[in-house]
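The values are calculated or read from the model by the stated rules, or taken from the named source; none is laboratory data. Since the structure is predicted, the reported quantities are computational estimates derived from the model, not experimental observations. Please note: Cβ atoms are built from the backbone with ideal geometry, for glycine as well, and neighbour counts cover all protein chains shown.
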Amino acid sequence: MADTSQNPRRVYRLLPALGEFRILFLDEALTKILPWQRSGRPEDLPEEFTGEWNGDPALRVTEFPSAARDAPVLGRRIADALHEELVSAGRLVPLRTDDPDSGEFFLYAVEAVVDCLDTRRSSKPKKSTGQIKQAVFRPEALRYDVPAFRVPEWSRAVYWNGWAVDRLRELLGDDLEARLVWSEDPGLTPHPDPMGF
């Protein structure tokens, strides 16, 4: 199990780094996961998802191939390496792509919903989407024992704790972009639009 006692605490949004590789689109998967994100009922979570690759088939595939903030996708090697930590906060649901030769992938359905948002200091959610541009967390309410979590005010977005991001960076290297959302350290500057594209 990872050491989660790191200070200062940090929270990130993850996405694939810009590079010469294919990106996985999850249009159908995001539609299918939404009812579960809203209800939280296990029976609303599909048993499998699908995705479509975008880009030149000759380009390489990464193990964190989707920019969807709602539903992270992990390759088999990453899912295996971090399995114990990942299942502490959610489920790894098989994800079938339109290119079976690209490898085995899982959509990470984050079940941990944590009431830790400082609503007074955070941006107001957008009326049309619920998106919170700048999130500020209450340190005493933040669950740092899980790799990732969602908040009730915007249940679609997945936030990642700093210790899990450090582990993923070790495994993925430059293929991963980590945008700082919030930190206890006032010397660290959050990304101006961490949940944007």
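For this structure, a couple of remarks:
- Of all residues in the range 94-122, those satisfying the criterion of being modelled with pLDDT of 95 or more, outside any strand (DSSP E or B) and either out of contact with any Phe, Trp or Tyr (no Cβ under 7 Å at 6 or more places or on another chain) or among the charged types (D, E, K, R) (or both) are 104, 111, 115, 118, 119, 120, 121, 122.
- Of the residues making up the range 154-173, not a single one is β-branched (Val, Ile, Thr), over 28 Å from residue 21 (Cα atoms) and out of contact with any helix residue (DSSP H, G or I) (no Cβ under 6 Å at 6 or more places or on another chain).
- Tally, over the range 177-192, of residues that are touching a residue at least 60 places away in the same chain (Cβ under 8 Å) and surrounded by fewer than 20 Cβ atoms within 10 Å (Cβ to Cβ): 8
- Meeting the requirement of 3 or more residues that are under 21 Å from residue 196 (Cα atoms), touching a residue at least 60 places away in the same chain (Cβ under 8 Å) and among the hydrophobic types (A, V, I, L, M, F, W, C), the strands (runs of 3 or more DSSP E) wholly within the range 1-93 are 10-16.
- The residue list 129, 97 contains one member that is β-branched (Val, Ile, Thr), out of contact with any helix residue (DSSP H, G or I) (no Cβ under 7 Å at 6 or more places or on another chain) and closer than 22 Å to residue 182 by Cα, which is 129.
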